[in-house]
Amino acid sequence: MIQLFGRRSSHFTRTAAIFAHELGVPFELLVLHDLKSLDRAQFGGHPAMKLPVLRVGDETLWGTENICRRFAELAGRATDSRLVWPETLRDVRTRNAQEITWHAMSAQVQLVLGIALNRLPADNGFFVKLAMGLAGSLAWLDEHLAPVLAALPPERQLSLLEVTIFCLTTHLEFRPTVPLEPYPNLRRFAEVFGQRPSAQQTTYLFDPRPPKENP
Ligand SMILES: N[C@@H](CCC(=O)N[C@@H](CS)C(=O)NCC(=O)O)C(=O)O
């Protein structure tokens, strides 16, 4: 039994789900409806109350990258060089691209949680700097995207870097946080990557809440 605690509206969950689809690993999605919940059990027991969480039998795994790697193991492809992981990125620019992509994904979560869900003031210095950092990260990624992609092995099936860039870019369309218009290279990349069946099977949506039980 393979269970993924996550949300179809989350770019971290989508990253893991794209790996599962590409690798042909079936899983059951256990949806957390309230991101503000303080009930660890709803986060699959994650001590920091973060998603996604993968449960395989009695093993519980935290962290999107860990989960993507576990899907590769479950598919019997842990050592397949056509799957490109961060440690195989050889040049500084491509390594920086992965770092700044993870950062941008987390920054967007904090902006959504802080401003949209917890109704904190968007003009607070904390959020202003976070939004500026997110825009700066996107500008850097957009400018360097072509050489970053060119540095990836041409024979790859999938790289964590491309999946995270795709999930980040499309999430900014799904849940507008900072404008995406200034980043045409990212938008074009997302359009092409979005043709893959794994991308089309994981489109963002707000998971419908189950109907309330009768009293
Ligand atoms: N480093 C974690 C980050 C995951 C993360 O930030 N997940 C968001 C999903 S939207 C979350 O659970 N946020 C809840 C919170 O921060 O309270 C990973 O790679 O999985």
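The values are calculated or read from the model by the stated rules, or taken from the named source; none is laboratory data. What you are looking at is a predicted structure, and each value in this text was computed from that prediction instead of being measured. Note that each Cβ is placed from the backbone with ideal geometry, even for glycine, and that neighbours are counted across all protein chains shown. SASA here: full protein model, heavy atoms, side chains in, ligands and nucleic acids out. Shrake-Rupley method; radii C 1.70, N 1.55, O 1.52, S 1.80 Å.
All conditions but one from (1) within 23 Å of Trp85 (Cα to Cα); (2) out of contact with any strand residue (DSSP E or B) (no Cβ under 8 Å at 6 or more places or on another chain); (3) surrounded by 15 or more Cβ atoms within 10 Å (Cβ to Cβ) apply to Leu160; the one that does not is (2). Does Val112 count as open to solvent by less than 10 Å² (accessible area, probe 1.4 Å) and in contact (Cβ under 8 Å) with a residue 24 or more places away in the chain? The answer is no for Val112. Among the residues of the range 33-55, write down those that are near the ligand (Cβ under 9 Å from one of its atoms), exposed (fewer than 10 other Cβ atoms within 10 Å of the Cβ) and either modelled with pLDDT of 95 or more or hydrophobic (A, V, I, L, M, F, W, C) (or both). Residue satisfying the conditions is Ala48 alone.
Filtering the range 4-53 to residues that are polar (S, T, N, Q) and closer than 24 Å to Asp80 by Cβ leaves Thr13, Thr15. Figure legend. Inter-residue proximity from the range 88-106: first residues in contact (Cβ under 8 Å) with a residue 40 or more places away in the chain and over 18 Å from Ala139 (Cβ atoms), second residues among the hydrophobic types (A, V, I, L, M, F, W, C) and within 16 Å of the ligand (Cβ to nearest atom), beta-carbon distance below 8 Å, spacing 6+ or different chains. Indicated pairs: Leu89/Leu161. Any residue in the range 20-38 that is under 23 Å from Glu143 (Cα atoms) and touching a residue at least 40 places away in the same chain (Cβ under 8 Å)? Checked the range 20-38: no residue is under 23 Å from Glu143 (Cα atoms) and touching a residue at least 40 places away in the same chain (Cβ under 8 Å).
Each residue in the range 56-68 was checked for being more than 14 Å from the chain's Cα centre (by Cα) and either without any contact (Cβ under 8 Å) to a residue 12 or more places away in the chain or crowded, with 16+ Cβ neighbours inside 10 Å (or both), and 4 pass. Residues that are among the acidic types (Asp, Glu), touching a strand residue (DSSP E or B) at 6+ places or on another chain (Cβ under 7 Å) and outside any strand (DSSP E or B): does the range 18-28 have at least one? Among the residues of the range 18-28, at least one is among the acidic types (Asp, Glu), touching a strand residue (DSSP E or B) at 6+ places or on another chain (Cβ under 7 Å) and outside any strand (DSSP E or B), which makes the answer yes.
Within the option set Ala150, Ala135, Ala190, being on the phi < 0 side of the Ramachandran plot and open to solvent by 50 Å² or more (accessible area, probe 1.4 Å) holds for one residue only, Ala150. Is it the case that some residue within the range 94-107 is surrounded by 14 or more Cβ atoms within 10 Å (Cβ to Cβ), in contact with a Lys or Arg (Cβ under 7 Å, 6 or more places away or on another chain) and in a helix (DSSP H, G or I)? No, that holds for no residue.
Scanning the range 110-154 for residues that are polar (S, T, N, Q) and either away from the ligand (no atom under 16 Å from the Cβ) or in a loop (DSSP other than H, G, I, E, B) (or both) returns Asn118, Asn124.
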